[in-house]
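One structure is given below, encoded as structure tokens.
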Amino acid sequence: AEPVAAVQAMARAMADNDLVAYAKLSVPAGQYTRLQQAWAQGHSRWPLTELPLHDQLLPMLQALSAADGSPQLQRSFDRQLAGQTTAVRQAAQSMGLFGVQYLRHQDSYTASQQAHYIQVVETLAAWAADAPISDRARARASIGVLTAAARATGFSDDAQLQQAGLEESLRRLGPFIGSMKAVLASYGLDLDASMRGIAGELLSQQGDNALVRLEYPLAGKVITLQIPLTRREGHWYLTRTLADTDALLRHAGAAQAGSPSLPDA
């Protein structure tokens, strides 16, 4: 019932790999039920669409869970990255510079979003430049962990996600997300610490709208951002999440009614 606490609760759920809890904390109960229905009807894959690189999730699971996935990925690593410490460092630095320039020239972000994303890109680029990404033994261990975790989900295509339903899919994907975070932590990027370390303060509140200032640790830096929240049914939610899911459900309802030319929700 308090804006900063609402954000912290969602972050703790992600740190615990409890994607079902995260989803239930992200939207009001009635909306959550409708999102379950939209998932079952093939109109939504929320909250997976909120994950970074969400459109690569299924291709990644397919590659990792393939019968020859582990040796094939190891061969690819050996060919492209093994021992390439200097090249990896230079690539990380170049990608960081490119990312920051890209963000500075985008007009689709608010000033607060732009400032936040630039901090994140600069911090991750610095981390990647120093991380042991080209270490062959570490890569072998990481590939083993990720291939086993991917196979345990039982997912390789969208039809399987739809058949399992929203909650069962999230339950089975939770351990895989946990394994991904564990691998990143072994390279010095502890995302669980970032999520558990979120602190903040209420900057302003007008009725059911609030603005909070948050900070969290990331790869040895402290990242700051401002984010709006909206109160519905006595609880606070990220304003952007509510807007996204409201639009998704409108599109899903129209699709069910047979409306033509719908945008991709």
Between the modelled labels at LEU202 and ALA111 (7 Å from Cα along Cα→Cβ) the distance in nm is 2.5 nm
From highest to lowest solvent-accessible area (probe 1.4 Å; ligands, DNA and RNA excluded), MET180, MET95, MET14 read MET95, MET180, MET14
Percent of all alpha-carbon pairs of segment 131-177 at distances over 15 Å, whole number, is 52 percent
The answer for the net charge of residues other than VAL212 whose Cβ lies under 15 angstrom from its Cβ, with Lys and Arg +1 and Asp and Glu -1, is -1
The chain, Gaussian network, Cα under 10 Å: of HIS54, HIS235, HIS105, the residue fluctuating most is HIS105
Each label sits 7 Å from Cα toward the beta-carbon; between GLU215 and ASP246 the label points are separated, in nm, by 3.2 nm
With every protein chain kept in place and a 1.4 Å probe, the residues TYR32, TYR22 fall, from largest accessible area down, as TYR22, TYR32
Any helix of the chain counts here only if DSSP assigns it H throughout, its Cα atoms span 18 Å or more along the axis, and its mean Kyte-Doolittle hydropathy is at least 1.0, and such helices are 3-15
Taking the reciprocal of mean 1/r across every pair of different Cα atoms in the chain, the Kirkwood radius in Å is 20.3 Å
Given unit charges at Cβ for Lys, Arg (+) and Asp, Glu (-), the dipole magnitude of the chain about its Cα centre in debye, nearest 20, is 400 debye
Here the equivalent ellipsoid of segment 136-218, derived from its Cα gyration tensor, has semi-axes (largest first, whole Å) of 33, 23, 7
A student applying the Cα gyration tensor rule (rounded when a/c is under 1.5; otherwise prolate if a/b is larger than b/c, oblate if not) would label segment 81-126 prolate
Magnitude of the Cβ-charge dipole (Lys and Arg +1, Asp and Glu -1) of segment 1-142 about the Cα centre, nearest 20 debye, reported as 280 debye
Over the chain, with neighbouring protein chains present, the accessible area per residue in Å² at probe 1.4 Å is 53 Å²
Cα-based Debye curve of segment 1-115 sampled at q = 0.13, 0.16 Å⁻¹ gives log₁₀ I(q)/I(0) of -0.91, -1.13
Carbon and sulfur atoms account, in whole percent of the 1.4 Å probe accessible area of the chain, for 54 percent
Per-residue ellipticity at 222 nm attributable to helices in the chain (runs of n ≥ 4 DSSP H, -39500 (n - 2.57) apiece, nearest 500 deg cm²/dmol) works out to -20000 deg cm²/dmol
Measuring from its Cα centre, segment 24-101 shows a charge dipole (+1 at each Lys and Arg Cβ, -1 at each Asp and Glu Cβ) which, in debye to the nearest 20, is 120 debye
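The values are calculated or read from the model by the stated rules, or taken from the named source; none is laboratory data. Everything numeric in this text was worked out from a predicted model, so none of it was measured. Backbone-built Cβ (ideal geometry, glycine too); neighbour counts: all protein chains shown. Quick note on the areas: whole protein, heavy atoms, side chains included, nothing else; ligands and nucleic acids left out. Shrake-Rupley method; radii C 1.70, N 1.55, O 1.52, S 1.80 Å.
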